[in-house]
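First the structure, in the form of structure tokens, and then the observations on it.
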Amino acid sequence: MRTRSLVLSLFGYAALVFILAPIVIVVIASFSPARYMEFPPPSLSLRWYREVLGSSDWLGAFGSSIVLAFCVATATTAACFLAALVTTRRRFVGKSLLEMLVQAPLLLPNAALAMALLALLVQIKGRGTLGGLWIAHCILVMPFVYRPLVNGLRQFDLGLEEAAMTLGSPPLRTFRLITLPAIKPSLITAFAFSFIISFDEVTASVFLVGVNYTTLPVKILSDIQSDATPAIAAVSTLLMLLTMTFVTIVSRMVGIGRVIGSRSGH
Amino acid sequence: MRLSRAAFLLLLPVLGMILSLGTGVFALIEQSFVGADGLSLKAFQAFVSRREAMSVFLYTHQMALLVSAICVVVSFPLAVFLVRKQNQAYVLLIMMPLLVSIVVRTYGWMVILGPRGLINAALMGAGITTAPIRLMFNTTGVVIGLVHIYIPFATLSILTVYSKIDRSLVDGAAALGAGPWRVFSRIILPLAMPGVIAAASIVYLLTIGAVVTPLLLGSIQQMMLGSMIYDQMLVTFDFPSAGSAAIILTLSAALAILPLQLADRWVTRKLPAERS
């Protein structure tokens, strides 16, 4: 019994090391002064951070990604919230079909989904534009946003709304003072995670960006393919730092359990 | 029941997104099925008759099988470990990589596996090899990269089901004299089966659709469907071929997942009704 649980623990820690290794390695590699990537770095320097923070290419791609992620998170959270309000309160013909179609982006293999989104953007002439990527990312992110919002609304006690209305509160006031505060943690979580998914997305985006419009992860990908300097490691580290800060703030706001739970719908 | 007009208006934005995706899928199908001379299956015949395309197709499914198998075998004990630890922090550590873009994680593996990377530096430093050994730009690299990305998904699927297994069944079997192996094979594994099947399905689907990891860690001679579509679309600008490859990818994904879904139904039916 002893040895078996010892073996299990060793395996568990080994798996943890495996899972965290590439992330830790990227952080260490980002402090290399060398022109080309080598590990371990010969010495430590901030050369590539200076390079990245002084480069208009990197900052531009970063800006595009932030704007895109913000638009995507706002639109998808709002759209899915409105839909979830209806599907959690009304029974109607075609409801289960609708809920299945919301999950459709998860059922398509990523490469095929990317091609379908590309075909869409070619039709509406949105390839390589902020508007086009916005629509594409909203579709990609929709399943991840809809599920937690539905779960949040299901836990909400409709009796509270009824009580407020019985006491003479008009519907909009009830919504603002009763429903919205109760559902706020779900909304924040949905917003935060659609932001992160859009901000990190690369598989579909690489098909959708254009010469004049690119996102940060796509720029990282094309840089790895072209010159692969440690600048990529520096950008990646900054990116992770930003995401972690963001997640920490959000989990302080709504509780860490909810944050893990919402990502598990993958 | 019919929806009121107000309720329908609330559904409109999501309906718009679904319709947009539908438009894209339809356009993709149209481009692959409809040629200059009307409806045709030429693009598919072309795919099937090209030796390289078929070899990419088979290789992709072999990789999906291999990666799902490895993920299940690694994730099962990992899920057991996490349940025993009873500590949310460990679960968080496993989930943390999900917050990091896959292009960054794949880059991390390039730093570890590359010719001047961590492993080769260690091997040469210890004098085990004199020249760097090839760990990426081949199947090994892609398998490591994909397994790493998909383990959190697989672990989470198994963890959810495993943590709900009634401990009294396990203790009861042990008290009645069943050895550890028998307890595992007759009690734990069947009860955890829905989680295992879910994990395998998710990883299979994700692997055959992967683009970035096979692109960066794989060899150019042996592409996967995802990296072939990338190549046709963004390097040789062959939209029709990429389109038909995407449709073949989707259809074969559905066919591959189907047996797993049937197995899931069968397993769930065999399990005793959940006691509350």
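Just check the protein assembly as shown against the gyration tensor rule for me: Cα atoms, a ≥ b ≥ c as the square roots of the eigenvalues, rounded for a/c under 1.5, and otherwise prolate or oblate depending on whether a/b exceeds b/c.
Details: a/c = 1.33, a/b = 1.11, b/c = 1.20.
It comes out rounded by the Cα gyration axes.
Across chain A, Cα-Cα pairs more than 27 Å apart make up 52 percent of the total.
When the accessible areas of B alone and A alone are added and the area of the pair subtracted, with a 1.4 Å probe, the result is around 7100 Å², both sides summed. For the options B:Gly209, B:Gly125, B:Gly16, a Gaussian network treatment of chain B with springs between C-alpha atoms closer than 10 Å singles out B:Gly16 as fluctuating the most. Overall, the anisotropy analysis places region B:47-270 in the oblate class: the square-rooted eigenvalues a ≥ b ≥ c of its C-alpha gyration tensor yield a/c not less than 1.5, with a/b not exceeding b/c.
Would you mind calculating the relative contact order of region A:55-263 from Cα pairs under 8 angstrom and at least 6 residues apart, reporting the percent as a whole number?
34
Relative to the longest principal axis of the Cα atoms of chain A, the long axis of helix A:110-123 lies at roughly 70 degrees.
In region B:174-220, comparing the full protein assembly with the chain on its own, the residues that lose 30 Å² or more of accessible surface at a 1.4 Å probe are B:Pro180, B:Leu205, B:Leu206, B:Gly209, B:Val211, B:Val212, B:Leu216. Projected onto their three principal axes, the Cα atoms of region A:150-245 cover extents of 67, 27, 19 Å, largest first. Starting from the Cα of B:Leu255, move 7 Å in the Cα-to-Cβ direction to define the label point; list residues of region B:50-78 whose amide nitrogen is under 20 Å from there. Once the point is set 7 Å along Cα→Cβ of B:Leu255, B:50-68 turn out to lie under 20 Å by backbone N, inside region B:50-78.
Label sites at B:Leu189 and B:Val34, each approximated as a point 7 angstrom past Cα along Cα to Cβ, lie 5.2 nm apart.
Using helices alone, I'd like the mean residue ellipticity at 222 nm for the protein assembly as shown: each DSSP H run of four-plus residues gives -39500 (n - 2.57), total over residue count, nearest 500. Calculated at 222 nm, the ellipticity per residue is -24500 deg cm²/dmol.
What stretch of chain A, leaving out the sites themselves, is the longest with no trypsin sites (Lys or Arg not before Pro) in a DSSP loop having at most 14 other Cβ atoms within 10 Å? The partial results should precede the final answer.
On the way: sites that count: A:Arg35, A:Arg91, A:Lys125.
It works out to A:126-266.
Taken along the Cα-to-beta-carbon direction at a fixed 7 Å, the label points for B:Leu19 and B:Arg50 span 3.5 nm. Taking all protein chains together and a 1.4 Å probe, the residues B:Phe8, B:Phe47 rank B:Phe8, B:Phe47 from largest to smallest accessible area. On a per residue basis, chain B carries 49 Å² of accessible surface, using protein heavy atoms and a 1.4 Å probe. Counted as membrane-span-like here are DSSP H helices of chain B whose alpha-carbon atoms extend 30 Å or more along the helix's own axis and whose Kyte-Doolittle mean is 0.5 or above; these are B:5-33, B:51-85, B:139-162, B:239-270.
With a 1.4 Å probe and every protein chain kept in, tell me what percent of the accessible surface of chain B is carbon plus sulfur.
Details: 9220 of 13630 Å².
So the carbon and sulfur contribution to the accessible surface is 68 percent.
Counting only protein heavy atoms and a probe of 1.4 Å, the accessible surface of region A:55-263 is 66% carbon and sulfur.
The mean accessible area for residues of chain A, using a 1.4 Å probe and ignoring ligands and nucleic acids, is 45 Å² per residue. Modelled spin-label separation between A:Glu99 and B:Arg269, with each label point placed 7 Å from Cα along the Cα-to-Cβ direction: 2.3 nm.
With a cut-off of 13 Å between beta carbons, the residues surrounding A:Val202 carry a summed charge of -1, where Lys and Arg count +1 and Asp and Glu -1.
Region B:135-213 and region A:159-174 have Cα centres separated by 47 Å.
The values are calculated or read from the model by the stated rules, or taken from the named source; none is laboratory data. Computed from a predicted model, the values in this text were never measured in an experiment. Cβ atoms come from the backbone with ideal geometry, glycine included; neighbour counts cover every protein chain shown. In case anyone asks, the SASA skips ligands and DNA or RNA and just uses the protein heavy atoms, side chains included. Shrake-Rupley method; radii C 1.70, N 1.55, O 1.52, S 1.80 Å.
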